[in-house]
Number of protein chains: 2
Amino acid sequence: MKKLINKPEDVVKEELEGIALAYPDLVKVHFEPNFVYRADAPVKGKVAIVSGGGSGHEPMHGGFVGVGMLDAACPGAVFTSPTPDQMLEATKTVDGGAGVLHIVKNYSGDIMNFEMAADMAHGEGIRVLSILIDDDVAVKDSLYTQGRRGTGTTVLSEKICGAAAEKGYDLKRVAALCRKVNINGRCMGMALTSCTVPHVGRPTFELGEDEMEIGIGIHGEPGRLRMKLKSADEITEMLALSVIEDPAYSRTVREWDEAKGEWVDVVLQDPPFKEGDQVLAFVNSMGGTPAIELPIVYRKLHEICEKKGLKIVRNLIGPYITSLEMQGCSITLLKMDDEMIGLWDAPVKTPGLRWGT
Amino acid sequence: MKKLINKPEDVVKEELEGIALAYPDLVKVHFEPNFVYRADAPVKGKVAIVSGGGSGHEPMHGGFVGVGMLDAACPGAVFTSPTPDQMLEATKTVDGGAGVLHIVKNYSGDIMNFEMAADMAHGEGIRVLSILIDDDVAVKDSLYTQGRRGTGTTVLSEKICGAAAEKGYDLKRVAALCRKVNINGRCMGMALTSCTVPHVGRPTFELGEDEMEIGIGIHGEPGRLRMKLKSADEITEMLALSVIEDPAYSRTVREWDEAKGEWVDVVLQDPPFKEGDQVLAFVNSMGGTPAIELPIVYRKLHEICEKKGLKIVRNLIGPYITSLEMQGCSITLLKMDDEMIGLWDAPVKTPGLRWGT
């Protein structure tokens, strides 16, 4: 295993120490339990947004903490859910009195631990709502998930909801917006190579020299199919068409009902993309992909969207939700409306985010 | 070879097509000869800045074209110098009447071709000055270079000089500033893995499973030494101390003398770093390095700078001057003064740049 690390067990701690030293104007870091939070938290009267998940997907989530995006991010060990005490402490630290939104990717461990943290926060009198991101069209039920996994749309939801909170939306409205972003977003990824988790020390999976995995998860969990290597255009077409042609998707998720004071089942339905939709096109690097390759994917994606009658009104191209050094990419399309476009364009100042247009 | 490409010979063309589609508000792309230029070029009365070099180092240089940075960038084939017609056309396209600065990395092919382009531009009545970047302390004379190679300081010079041009500096003053940035900047890199050039199809060099190369060039050209893998702290210390303890470095470079109308020899001397200096610390990913590892390097670099009495006043952490999917990093330190800090903080809007603090 070749990595720029010291001891595998110190990777997250030392990464956080580096972040604290590098960006003191933007963020602070709390250790034990670990979380990154806005340097000016709590922001009185503003809805706070907390996300988190396993480490190894940088810049998500810690790199997205700052003005106009997240108030706090809770990193677990690499590819491992954070623990409830992290989310609870983060929630208490950033609550400015207007409540806290938890943005949770659909992985069983994340859901369980965020739910426990929310319950404890409720017990301490903090309003917490939780929205699940489950946008990955590749597979239904996976190694760590029931239903679809949470992937690229997470990044977009954190930006858009962060801007909304900054603008003064109240908690219910930010949560409703986050739900809208989730049901309007769809993602699918692929891998050319595996990655190696530091404390494991060997590649997560084996791929032949002429093979790739389509529909891979961000932890290297199996995708939809393994096949012979294809060209960038063919790969882009496979991903883009899977995303665009995905039918309406119904499922039941648990959300906190403030009025009832309990978790309730909510039926969500993702509308399919249709001709004339305005979309944000997000070409994401899995981490180890040469930067020169991403515009090649975007070029084909642009052509396909045009052919399908989808108008790309904004884009984001780069490594934003990664799997360590994995090579490959994911494509996320998010149906946009004027409200979302305005929030997308709002200022943001975080360690890890640069914008497309 | 596993890459998100179509035909190896189309990589640069298709990358540029993607860039043109993705960032029409920021840049335009000219094909045959290939260059990326500011969407609003020429900017009347502003000094224009043109850089370029082999592709494969993205986001440098094409990603740095835009308001507050480069006016144009000329990409060669992967790891291959661009041709003089590219620099000439780019120079003519972006000249707003105040002259053009060429920022040239010290590689023999780049120098020769930029010099030919400058001569042709002079012949067409365009004022062109050229500044060489030769900041890499790893080796003197390398596979493609006489003297030191141009590496990390290139990115910093493009940002600082771009801001100066935007602010209204005249050509001589921008050139003098660029020279100052170069003699105040020092860089050294290392690789854990090789990269694969698309049209070659196999790794540029072989490294054993427990080996690394210290002082690597950005084209995979040999470094200072090959050794057994060490920890991030040990690697950071080797790079940082090489940079910090590098003695005064004298050499003769060719620069265009406007008054004489000819190329003249200029003796440059880099002052060594000394206690009390203010520096910008730049931790650069070689492209394939997991993002979680860079703050670990920064953390140690911060400690070393503190111990050496260097005050880090700004930083930049991420993949900015890369070698395709190579894993590894480089460390650049740039001695800063108030003028440079002000220009560093000036607004910038390009496809590929996000800021540290």
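With respect to the stated conditions, A:D119 is surrounded by fewer than 19 Cβ atoms within 10 Å (Cβ to Cβ) and farther than 24 Å from A:D135 by Cβ. Within the range A:212-232, the set of residues being of a type in the set (D, E, K, R) and closer than 20 Å to A:F273 by Cβ comprises just one member, A:R224.
Results for (1) within 18 Å of the chain's Cα centre (by Cα); (2) outside any helix (DSSP H, G or I), shown as yes or no for each residue.
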{"position": "B:E115", "(1), (2)": "yes, no"}
{"position": "B:A118", "(1), (2)": "no, no"}
{"position": "B:L132", "(1), (2)": "yes, yes"}
{"position": "B:I160", "(1), (2)": "yes, no"}
{"position": "B:A165", "(1), (2)": "yes, no"}
{"position": "B:C178", "(1), (2)": "yes, no"}
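Any idea how many residues of the range B:300-321 are more than 9 Å from every other protein chain (Cβ to nearest Cβ) and part of a strand (DSSP E or B)? The number of residues fulfilling the criteria is 4. Residues in the range A:327-352 that are part of a loop (DSSP other than H, G, I, E, B), more than 9 Å from chain B (Cβ to nearest Cβ) and more than 19 Å from A:L70 (Cα to Cα): A:M336, A:D337. Within the range A:238-249, the set of residues being at pLDDT below 95 and of a type in the set (S, T, Y) comprises just one member, A:Y249.
Out of all the residues in the range B:105-116, is one or more of a type in the set (A, V, I, L, M), buried (at least 24 other Cβ atoms within 10 Å of the Cβ) and either modelled with pLDDT of 95 or more or under 22 Å from B:G318 (Cα atoms) (or both)? Checked the range B:105-116: no residue is of a type in the set (A, V, I, L, M), buried (at least 24 other Cβ atoms within 10 Å of the Cβ) and either modelled with pLDDT of 95 or more or under 22 Å from B:G318 (Cα atoms) (or both).
Using the structure shown, decide if B:M212 is among the aliphatic types (A, V, I, L, M) and within 19 Å of B:L333 (Cα to Cα). No; evaluated as a whole, the condition is false for this residue.
The set of residues in the range B:180-223 being under 19 Å from the mean Cα position of the chain (by Cα), among the charged types (D, E, K, R) and not in a loop (DSSP other than H, G, I, E, B) consists of B:K180, B:R186.
Considering each of B:A73, B:A48, B:A41 in turn, give the residue that is small (G, A, S) and within 29 Å of A:I304 (Cβ to Cβ). Of the residues listed, the single one that is small (G, A, S) and within 29 Å of A:I304 (Cβ to Cβ) is B:A73.
Annotation note: of B:V283, B:V279, B:V297, the sole residue that is within 11 Å of chain A (Cβ to nearest Cβ), crowded, with 21+ Cβ neighbours inside 10 Å, assigned to a strand (DSSP E or B) and not hydroxyl-bearing (S, T, Y) is B:V283. From the set of residues in the range A:127-168 that are surrounded by 24 or more Cβ atoms within 10 Å (Cβ to Cβ) and of a type in the set (S, T, N, Q), which is nearest to A:D337 (Cα to Cα)? By that ranking, first place goes to A:S157. The residue of the range A:228-248 that is farthest from the other protein chains (Cβ to nearest Cβ), among those that are surrounded by fewer than 15 Cβ atoms within 10 Å (Cβ to Cβ) and closer than 19 Å to A:V139 by Cα, is A:A248.
Applying the set (1) part of a helix (DSSP H, G or I); (2) at positive phi to B:L324 leaves exactly one unmet item: (1).
The values are calculated or read from the model by the stated rules, or taken from the named source; none is laboratory data. Not measured: the values here are computed from a predicted model. Cβ: placed from backbone, ideal geometry, glycine included. Neighbour counts: every protein chain shown.
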